[in-house]
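The values are calculated or read from the model by the stated rules, or taken from the named source; none is laboratory data. Values in this document were obtained by computation on a predicted structure and should not be read as measured data. Counting neighbours? That spans all protein chains shown, and the Cβs are built from the backbone with ideal geometry, glycine included. With ligands, DNA and RNA removed, areas are computed over all heavy atoms of the protein, side chains included. Shrake-Rupley method; radii C 1.70, N 1.55, O 1.52, S 1.80 Å.
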Amino acid sequence: MTNPISDIEKADVILITGSNTTENHPVLSSYVKRAVSFKGAKLIVVDPRKIPITRFATLWLRQNVGTDVAWINGMMHVIVKEKLYDEEYVNTRTVGLDELKKTVQKYTPEYVEGISGIPKKQLIEAARIFAHAPAASILYAMGITQHISGTDNVKSLANLAMLCGNVGIEGGGVNPLRGQNNVQGACDMGGLPNVFTGYQRVDDLVIRERMEKAWGVERLPAKPGLTATLMMEKANAGDLKALYIIGENPMLSDPNLNHAQKSLENLDFLVVQDIFMTETARLADVVLPTASFAEKNGTFVNTERKVQRVRKAIDPPGSAREDWEIIVNLAGRMGYPMSYSDAEAIMAEIAAVTPSYCGINYGRLEYEGIHWPCPSTDHPGTPCLHVDQFSCGLGVFHAIDYIPPAEMTNNEYPLYLTTGRILYHYHTGTMTMKTHGLNELAPNSFVEISREDAETYKISNGSRLKIASRRGEIEAEARISEQAVAGTVFIPFHYAEGAANVLTNAALDPVANIPEYKVCAVKVSKAA
Amino acid sequence: MAEDRLIINDNEYTFEPGETILQVAEKNGIRIPTLCYLKGASPTGACRICLVEVKGARALVTACSTPAASNMVIKTDSPRVIEARRFNLELLLSSGNHNCLVQGLDMDSWTDFQLKAMDAKEHKTLCPAYGDCRLQDLAVRYRVKMNRFPPAENQHPIETVNPFIVRDLSRCILCGRCVQACNEVQVNNAISFGYRGSEAKIVTKGDRALKDSDCVFCGECVQACPVGALITKDEMHSPGLDVDIKKVHTTCSYCGVGCQLYLHVKENKVVKVTGVENTGPNHGSLCVKGRFGYDFVNSPERLQKPLIKENGAFREASWDEALSLVTERLSRIKKESGPDSIFVLCSARITNEENYLAQKFTRAVIGTNNVDHCARL
């Protein structure tokens, strides 16, 4: 997030898109609900499903799945045409508006209605509400990013925010809601194929030399590595021999699971380090038992870039070890001795090699976390980014055209499938499905389907359905719901029985390599 | 005296327009007892425990809902105030099954009341909130004996038909904190005051059970309840105050909001989770997963020993054997097929420190940049 979570209550207008906020970020959603209920904020929701937060919305715009660039360009078309944009901000803080204007010219409300299905009147109204707000906050999640146009979608939202002067101000910002406790931290720490900690590029000689010195190694590899999604392809082709997986379950979270399983089985050696025997661990040659969050010291970084402490409350079961200890053990055995007395000592090394973490140490995190960048120990941290200028100087508008999703419906596969999470479970269910009460509230997979589609396919509520895509088929229970819109069904991806990702399409965004989980074509029929 | 000044207990203080007497007092370290007051929600003045005396005012006023005004002269602990608080506490205690402090009743009615209060099968232990009850604290502090009013008849059966929350309205004092927590903090709008007069109670829409209502089991109401009326199921059979339980402040391990929570720990087990109230981002709020989804930590299915697969089946191994095998295989593959034939999937679930070491291991030890995690998935 460019802005802290507390800023949501300071916004005049909140635009939520591609985020089922109340179910996936419940506590953060209460900020939105309070802003609307008690602070007079207006809420615009753009989502293919009539998700619960729409109850609080001034406007719910229903776009066809995978048409986000079109409606965002459409809003900008209206804002440019009616000269509602923040001229001073755009002139002094950004570049590239002329290109953007040219591109959005053809995205008239009529044209956008044709692509997205959003009635032109609603689009114009949304654009006006958004542009008139002194401070408008954009909240988005995987509904924006998990598309072949994911990067384009995010850039388009950034365009919209900059056009209205909403970046770098209190109550504004472009705010991705991150789905996992430490996905931000994993990125910050260089758990990515192209960067070291703090997004320092591996292909930069100066940075590499600095890291070589800090780590006491002669030569670090310069070529960026594979992304997780391309890694599966390489494993499938036999180019990748060994995979060491720490605390992840791609056998339920990857798209096109049948393909993922073949890829993992094709490896010479698979090590899985986890707290449970997951679907992925079952395929491993060696499984290493680790400590859960309650059994270790360390830090997580939340969605607002706040580094917060994790504290050990109990001992791990049996002989399970903390992940960092296992890595230290392995490194030593492979000829690179690592020596840390505890997690705090590792953080001291992180701070030493990471400019944005320089000022962070456990002493300062004792009661309250710190937002990075925090360049020195007397720096208070940075809750809001890009305040006086953008990190890169001027904010750059990216002129972007709409491209359709990788897979469209046809006669054989006439329905769109979109996937996501539900309130009572988390990701692949490894943790939540151990709590009896959560299983009681959400026991099994289901297909959320509109009343119209249910009538078309003569489906009754609660009946068993077979859902098939070009990649596989699953069975799940029909749930006729007011949340669904005709033509699109939804399946949560938590469940191993009726796993949505057997169906999903592994088509990737060319820049971020994110799979298009949110759009694929399916057919439904009654299960035999 | 200047415009924005007032006097509390003979000392002069400044205040900001819009502040209540309670806020001015708290800011200056003066403690006024509260019961129904919920920080972050609009004050209701329902319980009348925060009564104070304002010079010139005919009646005592509630500090939580009375705005500070210039030249006010306030007494927070005058004999009149103390007597009024004690009287209100007696009324609250007599409103239901508050059978932990009934030493004032005469012998006959004492036994009858205790028997009646312990009648429900859920009341076999005295009260799960014993020792962690705001009403009990205040009753002790104000030496309330509860003999002026006969205990009320219990009209409400205990509701346990959901996975997480026990609603025992026989212990509800109608302070309204749960209603505010639900409507003003979480804004789930699942409960409100219902019925009138002596029939009054907290209800869901249509007075249905929580599981059939709009409730999403965030448990904000349980954390807000100052008595034993709303408790978690796991607490139901606990003996109340347990000095062996320690609380550890940590960060939730589910979504990316990073709620601050306390793990309540006893005998190496997590037995309860509550939100940390005076820090962001959550200020005490949690969701159903964060508050109730902790069973995985103590699950018997947790992996406890390294496992090695032989002939298609896993067998247990020592750390030494497992690590040796991993070292040997990774070293051989690195030598035969090069570092880029190895990939490390680090994790959005583990700590920064662990991710840091995972990528350092990949780059410095294996010698490849093949490291990524599920940010894309």
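The table below gives the values:
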| read-out | value |
| --- | --- |
| Inter-chain shielding of A:436-449 (mean C-beta neighbours from other protein chains, 10 Å cut-off) | 3 |
| Heavy atoms of B:Thr66: accessible area, 1.4 Å probe, square angstrom to 10 | 30 Å² |
| Which listed pairs, of A:Lys10/A:Lys33; B:Lys211/B:Lys247; A:Lys241/B:Lys335; B:Lys145/B:Lys201; A:Lys262/B:Lys334; A:Lys234/B:Lys334, have C-alpha distances above 18 Å, in listed order | B:Lys211/B:Lys247; B:Lys145/B:Lys201; A:Lys262/B:Lys334 |
| Local electrostatic count, A:Val65, Cβ distance below 13 Å [Lys/Arg +1, Asp/Glu -1] | -1 |
| Stretchable slack from A:Ala527 to A:Arg128, in nm (0.36 nm times residue separation minus alpha-carbon distance) | 138.9 nm |
| Model label zone, A:Lys83; criterion: amide N under 20 Å from point 7 Å along Cα-to-beta-carbon; scope region A:129-145 | A:129-134 |
| Qualifying lysines (Cα of each under 27 Å from Cα of A:Lys81; at least 8 residues distant if same chain) | A:Lys42, A:Lys101, A:Lys102, A:Lys106, A:Lys120, A:Lys121, A:Lys155 |
| Calculated FRET efficiency for the pair A:Tyr199/A:Asp378, C-beta based, R₀ 22 Å, to 0.05 | 0.40 |
| Probe 1.4 Å - accessible area at A:Asp378, Å² to nearest ten | 130 Å² |
| Relative contact order [Cα under 8 Å, 6+ residues apart], region B:102-235, whole percent | 28 percent |
| Chain A: relative contact order as a whole-number percent, Cα under 8 Å and 6+ apart | 17 percent |
| Value in Å of the Kirkwood radius, where the protein assembly as shown supplies the Cα pairs that are averaged | 29.7 Å |
| Accessible area of A:Val195 in the full protein assembly, 1.4 Å probe (Å², nearest 10) | 10 Å² |
| Prolate/oblate/rounded call for region B:338-377, Cα gyration tensor, a/c under 1.5 rounded | oblate |
| At R0 = 51 Å, FRET efficiency that the Cβ-Cβ distance of A:Asn258 and B:Asn278 yields, to 0.05 | 0.55 |
| Full-stretch length increase - B:Ser109, B:Gln304 - with 0.36 nm per residue and alpha-carbon distance subtracted | 64.7 nm |
| Förster-model FRET efficiency, 51 Å R0, A:Tyr340 and A:Val511, C-beta, rounded to 0.05 | 0.90 |
| Folded to 0 to 90 degrees: helix B:319-337 orientation relative to chain B principal axis, Cα | 50 degrees |
| Under the Debye formula (equal points on every Cα, no solvent term), log10 I(q)/I(0) of chain B at q = 0.06 Å⁻¹ | -0.36 |
| Spin-label pair B:Ser318/A:His398, simplified geometry with 7 Å Cα→Cβ offset, distance in nm | 5.4 nm |
| Peptide A:274-281, shielding by other chains (average Cβ, 10 Å cutoff) | 3 |
| Residue-averaged beta-carbon neighbours from other chains (10 angstrom radius) around A:305-314 | 6 |
| For chain B, built as a Gaussian network whose Cα springs stay under 10 Å, the top-fluctuating residue of B:Phe217, B:Phe343, B:Phe149 | B:Phe343 |
| Cα centroid separation, region B:310-363 to region B:174-237 (Å) | 49 Å |
| Summed residue charge, Cβ within 13 Å of A:Ala351's Cβ, Lys/Arg positive, Asp/Glu negative | -3 |
